[in-house]
Amino acid sequence: MTQNRRYLLVRRPHGTPVPKDFSLVESAVPDAPPGGFVVRNHFCSLDPAQRGWMDDAPSYMPPIALGDPIRASTVGVVHSSDTPEFQPGDWVMGLNALEDYSVNQAGGFTMKIDVAQVDSPSKFLSALGAVGLTAYFGLLEVAQPQAGEVLLVSGAAGAVGSAVGQIGRIAGCRTIGIAGGAEKCRRLTEDYGYDVAIDYKGKTVEQLAAEIRAAAPEGVNIVFENVGGDVMDAELLNLAKKARIVLCGLISEYNSPEKIGIRNLWQVLAQQATIHGYLIMDYAPRFGEAAPVMAQWMAEGKLRIDEDVQQGLENAYDAFMRLFTGANTGKLVLQIA
C-alpha cells in the first residue's frame, strides 16, 4: 500500500456513537522513527472499552484525542524498523490504533508472537490475547473459585463471558449465564457448557432476580460482571454470604448519557460481599504463563473461543456497533489486511 488509512475520532459521541463522530482519512505511510519500527496492522480488536476512551472523562487510560485514530489492540507484521529488536516480517501484537500502519517504539507495549501456534493470527486478539486472558486471570486469580461454588456471569455469550463460564466449569463450578435472546441462551448451554442460561430481555429487575434465585436457591458465590445496570441489580439480590464480585465491565452504561449506577448496593453490605474492580493490564507481565494453558485447554476440547471477524477498515463503524446491538457472535475482530 502507498497510503495509510486512519479511522479518526473527530467528535465526542453523546450517547450512542454515530458515523459523524468518525472520519476515515488517508496519509503517507510513516517511516520508522529512530530506535522504533512501523507495524502493518492485519487484525484490530473491537472492544466495549473503546467507547469509554472516546469520552473526555477520567479513566484508567487517557481519552482518545480528537483527530487521533481510535486506539485498538492489533496484530500485524513489522513493515520497517530502526531497531534490532524488531525486524521486517516479524509478527507482533500491541496497543496501536484502527489504521493500516502504526509507529511503535522499542520497549513499549508491542511484543513478538508465534503465529505458527494458531490457525489464525487473530487468535492473539481473542483466545491468547486480552479477551481470553481477561477471563483466565479474572476468574482464577481474582475470584479464586472453589469446586462446588456457583458462578454467575453476565454478558455470558460475549467474548469474555463465554470463556469465563468454560473456565469456571474446568474449575468445578456450577455455572449460570445471563444473555439476551433465545439464540444466545442456546449457545450458552450447547456451545459453552453453562449449566443454566437466563434470558434477561423483557424482564424487570424483580423477574430476573427470581429466575436467578430459582437457579441458585442458596445464593451465588461468584459474580463475573460485564453488564451492570438492571442485570447487576438483579444479581445483587442473590448473593451468598462472602460472595466475590469481579467488576470487569459495564456495557449497559457505556452509551448512556446519564449513568444509572446500581441501586441494590446495600446487598454487598448485607451479605459481606466484596467487589473487585478488575483490569487485565495488571496481569500483562504474566501473559506468557497463561497462554499455554489456554492453548492446551483448546487442544483438549475443554475450551471454545469463537470469533466474529468483520472485513475492512471502511466498515469500522458498522463492525463496532455490533458490540452494542448484540449482533456479534464471538470476539469481535476487524480484518484490515
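The values are calculated or read from the model by the stated rules, or taken from the named source; none is laboratory data. Quick caveat: nothing in here was measured; it's all calculated off a predicted structure. Every residue, glycine as well, gets a Cβ built from its backbone with ideal geometry; the counts of neighbours run over all protein chains shown.
Conditions (1) farther than 26 Å from residue 99 by Cβ; (2) surrounded by fewer than 17 Cβ atoms within 10 Å (Cβ to Cβ); (3) within 17 Å of the chain's Cα centre (by Cα); (4) polar (S, T, N, Q), marked per residue:
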| position | (1), (2), (3), (4) |
| --- | --- |
| 294 | yes, no, yes, no |
| 297 | yes, no, no, no |
| 300 | yes, yes, no, no |
| 314 | no, yes, no, no |
| 324 | no, yes, yes, no |
| 337 | no, yes, no, no |
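For residue 295, the stated conditions do not hold, so it cannot be described as over 23 Å from residue 49 (Cα atoms), of a type in the set (Gly, Ala, Ser), outside the structural domain of residue 202 (by TED's automatic domain parsing) and free of Cβ contacts under 8 Å to residues at least 24 places away in the same chain. The residues on offer are 290, 284, 337, 316, and the sole one that is closer than 27 Å to residue 173 by Cα and either at pLDDT 90 or above or among the polar types (S, T, N, Q) (or both) is 290. Within segment 167-186, none of the residues are under 25 Å from residue 276 (Cα atoms), surrounded by 20 or more Cβ atoms within 10 Å (Cβ to Cβ) and free of Cβ contacts under 8 Å to residues at least 24 places away in the same chain. Checked against (1) in a loop (DSSP other than H, G, I, E, B); (2) modelled with pLDDT of 95 or more; (3) crowded, with 20+ Cβ neighbours inside 10 Å, residue 43 passes all but condition (1).
Picking from residues in segment 64-115 that are in contact with a helix residue (DSSP H, G or I) (Cβ under 8 Å, 6 or more places away or on another chain) and more than 26 Å from residue 51 (Cβ to Cβ), the one that is surrounded by the most Cβ atoms within 10 Å (Cβ to Cβ) is 113. Looking at the structure I just gave you, is residue 198 within 20 Å of the chain's Cα centre (by Cα) and among the hydrophobic types (A, V, I, L, M, F, W, C)? Answer is no for this residue. Residue check: residue 75 meets all listed conditions (1) among the hydrophobic types (A, V, I, L, M, F, W, C); (2) outside any loop (DSSP other than H, G, I, E, B); (3) in contact with a Leu (Cβ under 7 Å, 6 or more places away or on another chain); (4) under 28 Å from residue 203 (Cα atoms) but one, namely (4).
A search for C-beta distances below 6 Å between a residue of segment 239-255 that is over 13 Å from residue 149 (Cβ atoms) and any residue that is of a type in the set (Lys, Arg), counting only pairs 6+ apart in sequence or on different chains, returns 253/259; 254/51.
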